[in-house]
């Protein structure tokens, strides 16, 4: 599992709660954080580099792209080039939001890069049920979460401003399209109204991983799995912020240094998302 930094720890937390017997290797690419403002070609190259390292160095049986920006930029490339199944956070979240909506008007909030990619609109268009998506970028949310300011007056004021476009469209479901945003759920709910259903892509991705493991008969049986965490940036910072977001099980964090990744081409057309296996 990997993310540009800390938000993917919400996916890791959900997954080990759901499948504690699985071994987990998590990479926080904090040395190149954040991914949101970067060109998609750069994000795609980073995602492939990390994924290949997970497969080659840790012999992982499945890769989770626990980052909305990387899922939007690189999922098709990873599914085409890796020899293991790949799960992103966008498709599971969209499917859950479509199941939850009553008036078929769904809000989606995320980083500038994720919202600008159109990935959520594409994922919704592939579903049989027609829905209206109301998308809004929320710059600044991630930084508040990582400072631990999830209920401050400042983040409440920012949320009022950024969430106004989705609130005005009378959505009944809001998809939290960034893995940091569940930490702001109470503030977000205060702004959009308690009658709006909040959908976490982290929880839904964990369910998707569990389904892929079961369909492929690659789930692990036995006692509790191991947890290993790596950061490509300041390890002490990762331990401090990650420990607050994930819990004391975070433990020691290994240091990574990446060589310059090779450039790769444009994102290819994806395989059908429900195939459950990657082509080589």
Going through segment 148-157 in order, the residues found to be surrounded by fewer than 20 Cβ atoms within 10 Å (Cβ to Cβ) and either in a helix (DSSP H, G or I) or not assigned by TED's automatic domain parsing to the domain that holds residue 96 (or both) are 153, 154, 156, 157
Can you go through 31, 36 and tell me which one is over 30 Å from residue 217 (Cα atoms), in a helix (DSSP H, G or I) and either at pLDDT below 95 or touching a strand residue (DSSP E or B) at 6+ places or on another chain (Cβ under 9 Å) (or both)?
31
Determine whether segment 60-72 contains at least one residue that is in contact (Cβ under 8 Å) with a residue 40 or more places away in the chain and over 21 Å from residue 16 (Cβ atoms).
yes
Hey, does segment 99-111 have a residue that's out of contact with any helix residue (DSSP H, G or I) (no Cβ under 8 Å at 6 or more places or on another chain) and free of Cβ contacts under 8 Å to residues at least 24 places away in the same chain?
yes
Going through segment 39-62 in order, the residues found to be in contact with a strand residue (DSSP E or B) (Cβ under 8 Å, 6 or more places away or on another chain) and under 18 Å from residue 228 (Cβ atoms) are 50, 51, 53, 54, 55, 58, 60, 62
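Kindly evaluate residue 76 against the criterion of being crowded, with 17+ Cβ neighbours inside 10 Å, closer than 26 Å to residue 234 by Cβ and outside the structural domain of residue 143 (by TED's automatic domain parsing).
No: the conditions fail for residue 76.
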Note on segment 117-142: residues exposed (fewer than 13 other Cβ atoms within 10 Å of the Cβ) and either in a helix (DSSP H, G or I) or outside the structural domain of residue 193 (by TED's automatic domain parsing) (or both) are 125
Checked segment 1-28 for anything more than 16 Å from residue 241 (Cβ to Cβ) and out of contact with any strand residue (DSSP E or B) (no Cβ under 9 Å at 6 or more places or on another chain); matches are 17, 18, 19, 20, 21, 22
Filter the helices (runs of 4 or more DSSP H) completely within segment 159-247 down to those with at least 3 residues that are assigned by TED's automatic domain parsing to the domain that holds residue 23, touching a residue at least 40 places away in the same chain (Cβ under 8 Å) and farther than 21 Å from residue 149 by Cβ.
201-215
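Right, residue 65: touching a strand residue (DSSP E or B) at 6+ places or on another chain (Cβ under 6 Å) and closer than 19 Å to residue 202 by Cα or not?
no
The values are calculated or read from the model by the stated rules, or taken from the named source; none is laboratory data. No experiment lies behind these values; they were computed from the predicted model shown. Glycine gets a Cβ as well: all are built from the backbone with ideal geometry, and neighbour counts include every protein chain shown.
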